[in-house]
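**Q** Have a look at this one.
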Amino acid sequence: MTVQDLEKIFLQKIENEIKIEPRDWMPDAYRKTNIRQISQHAHSEIVGMLPEGNWITRAPTLKRKAILLAKVQDEAGHGLYLYSATETLGITREETINDLHSGRAKYSSIFNYPTLTWADIGAIGWLVDGAAIMNQVMLTRTSYGPYARAMVRICKEESFHQRQGFEILLVLSRGSKEQKEMCQDAINRWWWPALMMFGPHDKESTHSDQSMKWKIKRKSNDELRQNFVDMIAEQIKVLGMKLPDEHLQWNEEKKHYDFGEINWEEFWNVVKGNGPCNKQRLDARRKAWEEGEWVREAAATYAEKRNKRQAAA
Amino acid sequence: MNIQIKKYFYGDIPDDKSGGNIISKETKNDWPLWEIFIRSKQGLDHKHVGSLHAADAQMAIENARDVYTRRMEGVSIWVVQSKYIHATAPEEAGELFEPAEDKIYRHPTFYKLPDEVNQM
């Protein structure tokens, strides 16, 4: 069978909504695109634990602390599901992690912003996880089987994240003058970076087009971003807060909200490593990896010893 | 059907036959991959839920508990090192599974019965 024949079978499967599984033939570029996208997604979950971890010891109540711990633990689990999905494409866990640590692989730029107040934890849950969910719900129908399955699992767990975030802000929005200000301030700082999470405009995105043809992605960046704006613009009314965009306005003709232009210079700057926390985040990941070396070694040695003992018995 | 291009590896392909042009570098501290199966409640089968790396079976079970049963998803866990799972190849699928397609008389709906006895 020639490569052309194999490619035809592959495209037919995509066309007929049949998932691609690890051992099926697939074009190199499809494999590479998936490795890049799924591993970036995994890195985002792992790096995403850092800004929130910042507040575990400072959560205002024991209840909030327990919730935040559970949420951060979920993110670790999500990272694992996604790393496992990446591995099915023929790259090892270690290679994937090395790519993160060397700076070759990217993760979502949103996590390069600092969490300055407790309200930021609310804003992250509501806006950042909210934006992530828009993407992830779409990805439950992605064409690569292991990725789609990981997404189903993640989406089930993620809705608690968004709800707890909104609830944090809701409590603040009904609190003292200072608490209200804190709530508004967090929304002001996270709104634009959250919009940037959907990536460049469709006309500029380098990966979107082919990814749509292969049904890795099913909605374009701009389409998802619009859905997100429409959702948040309504939800914020419940909080009695404002989104920091003077151009935000309901467009009766389009049945969508119009909104202002994103600061793309800031976006590309953060992607390229010049965000407020890029260096801090990567340093933290590298440190965790290096300082965990003895644990990995000890576990491997212990397992080996136990195997020998069992073999001897 | 003979497929020449193989460049994947998953748990079910022996190390020496992983083939292709993607070479995985294994270091001494790479923990093996384990497939995880969870029984969601008594009376149901264990079902495959995913995979993880662990140094040994004990650790695989402990990690599976933390990763896959945080919301009461399970009452029992099986772990199997991925390399011990054998599987059919995608290119054999036709030969293996297509013969069942034209044997519709194996399904109860094939038989048209009078209404009086159609609950059979």
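The values are calculated or read from the model by the stated rules, or taken from the named source; none is laboratory data. Worth saying up front: this structure is predicted, and the values here are computed from it rather than measured. Heads up, the Cβs are rebuilt from the backbone with ideal geometry, glycines too, and the neighbour counts pull from every protein chain shown. Note: accessible area is taken over every heavy atom of the protein model, side chains too, but ligands, DNA and RNA are not part of it. Shrake-Rupley method; radii C 1.70, N 1.55, O 1.52, S 1.80 Å.
**Q** Hey, which of the helices (runs of 4 or more DSSP H) in the range A:1-75, taking only ones fully inside, have at least 2 residues that are away from every other protein chain (no Cβ under 13 Å), modelled with pLDDT under 95 and closer than 29 Å to A:His101 by Cα? Give the steps one after another, and end with the answer.
**A** On the way: elements: A:3-15, A:28-47, A:49-53.
In the range A:1-75, the matching helices (runs of 4 or more DSSP H) lie at A:28-47.
**Q** Residues of the range B:29-43 being within 12 Å of chain A (Cβ to nearest Cβ) and either in contact with a Lys or Arg (Cβ under 7 Å, 6 or more places away or on another chain) or open to solvent by less than 50 Å² (accessible area, probe 1.4 Å) (or both), which ones? Don't jump to the end; show me each part of the working.
**A** Quick first cut of the range B:29-43, residues within 12 Å of chain A (Cβ to nearest Cβ) only: B:29-36, B:38.
Scanning the range B:29-43 gives B:Asn29, B:Asp30, B:Pro32, B:Leu33, B:Trp34, B:Glu35, B:Ile36, B:Ile38.
**Q** A:Tyr257 versus (1) in a strand (DSSP E or B); (2) within 14 Å of chain B (Cβ to nearest Cβ): which is the lone unmet condition?
**A** (2)
**Q** Working only within the range B:81-120, note down all residues that are open to solvent by less than 80 Å² (accessible area, probe 1.4 Å) and hydrophobic (A, V, I, L, M, F, W, C).
**A** B:Ile85, B:Ala87, B:Ala89, B:Ala93, B:Ala100, B:Leu113, B:Val117
**Q** What about A:Thr117, is it within 13 Å of chain B (Cβ to nearest Cβ) and either open to solvent by 20 Å² or more (accessible area, probe 1.4 Å) or out of contact with any Pro (no Cβ under 8 Å at 6 or more places or on another chain) (or both)?
**A** No: the conditions fail for A:Thr117.
**Q** Mind listing just one residue for me: the one in the range B:81-120 that is outside any loop (DSSP other than H, G, I, E, B) and among the β-branched types (Val, Ile, Thr) and, of those, nearest to the other protein chains (Cβ to nearest Cβ)?
**A** In the first step, residues of the range B:81-120 are kept if they are outside any loop (DSSP other than H, G, I, E, B); the result is B:81-84, B:90-102, B:104-106, B:108-110, B:115-117.
Filter once more, so that each one left must be among the β-branched types (Val, Ile, Thr): B:104, B:109, B:117.
Details: B:Ile104: 22, B:Thr109: 25, B:Val117: 39 Å.
So the residue we want is B:Ile104.
**Q** Applying the selection to the range B:44-80, what residues are away from chain A (no Cβ under 11 Å) and open to solvent by less than 40 Å² (accessible area, probe 1.4 Å)?
**A** Selection gives B:His46, B:Gly74, B:Ser76, B:Val79.
**Q** Could I ask something else about it? Can you name the condition, by its number, that A:Glu95 falls short on among (1) part of a helix (DSSP H, G or I); (2) open to solvent by 20 Å² or more (accessible area, probe 1.4 Å); (3) more than 13 Å from chain B (Cβ to nearest Cβ); (4) not β-branched (Val, Ile, Thr)?
**A** (3)
**Q** Out of all the residues in the range A:286-309, is one or more away from every other protein chain (no Cβ under 14 Å), in contact (Cβ under 8 Å) with a residue 12 or more places away in the chain and within 18 Å of the chain's Cα centre (by Cα)?
**A** No, because not a single residue in the range A:286-309 is away from every other protein chain (no Cβ under 14 Å), in contact (Cβ under 8 Å) with a residue 12 or more places away in the chain and within 18 Å of the chain's Cα centre (by Cα).
**Q** Filter the range A:122-157 for residues that are within 14 Å of chain B (Cβ to nearest Cβ) and not hydroxyl-bearing (Ser, Thr, Tyr) and give the result. Spell out the reasoning first.
**A** Taking the range A:122-157 first, the residues within 14 Å of chain B (Cβ to nearest Cβ) are A:144-157.
If the condition is that a residue be within 14 Å of chain B (Cβ to nearest Cβ) and not hydroxyl-bearing (Ser, Thr, Tyr), then A:Gly145, A:Pro146, A:Ala148, A:Arg149, A:Ala150, A:Met151, A:Val152, A:Arg153, A:Ile154, A:Cys155, A:Lys156, A:Glu157 are the ones that fit.
**Q** Quick one: which of A:Phe259, A:Phe267, A:Phe198, A:Phe228 is in contact with a His (Cβ under 8 Å, 6 or more places away or on another chain) and within 18 Å of A:Val128 (Cβ to Cβ)? Working first, answer last.
**A** Details: A:Phe267 fails: in contact with a His (Cβ under 8 Å, 6 or more places away or on another chain); A:Phe198 fails: in contact with a His (Cβ under 8 Å, 6 or more places away or on another chain); A:Phe228 fails: in contact with a His (Cβ under 8 Å, 6 or more places away or on another chain).
Sole residue among the options that is in contact with a His (Cβ under 8 Å, 6 or more places away or on another chain) and within 18 Å of A:Val128 (Cβ to Cβ): A:Phe259.
**Q** Those residues that are among the hydrophobic types (A, V, I, L, M, F, W, C) and open to solvent by 50 Å² or more (accessible area, probe 1.4 Å), I need them from the range A:257-287; list them, please.
**A** Filtering the range A:257-287 for residues among the hydrophobic types (A, V, I, L, M, F, W, C) gives A:259, A:262, A:264, A:267-268, A:270-271, A:277, A:282, A:284.
Result: A:Phe259, A:Trp268.
**Q** Please enumerate the residues belonging to the range A:87-123 that are farther than 13 Å from A:His43 by Cα, in contact (Cβ under 8 Å) with a residue 40 or more places away in the chain and acidic (Asp, Glu).
**A** Here is the first cut: in the range A:87-123, the residues farther than 13 Å from A:His43 by Cα are A:87-92, A:113-123.
Now restrict to residues that are in contact (Cβ under 8 Å) with a residue 40 or more places away in the chain: A:88-91, A:113-123.
Correct list: A:Asp120 only.
**Q** Going through A:Ser108, A:Ser44, A:Ser84, A:Ser102 one at a time, which residue ends up being touching a Pro at 6+ places or on another chain (Cβ under 9 Å) and of a type in the set (Ser, Thr, Tyr)?
**A** On the way: A:Ser108 fails: touching a Pro at 6+ places or on another chain (Cβ under 9 Å); A:Ser44 fails: touching a Pro at 6+ places or on another chain (Cβ under 9 Å); A:Ser102 fails: touching a Pro at 6+ places or on another chain (Cβ under 9 Å).
It is A:Ser84.
**Q** Which ones in the range A:49-72 are farther than 23 Å from A:Leu282 by Cβ and charged (D, E, K, R)?
**A** A:Arg58, A:Lys63, A:Arg64, A:Lys65
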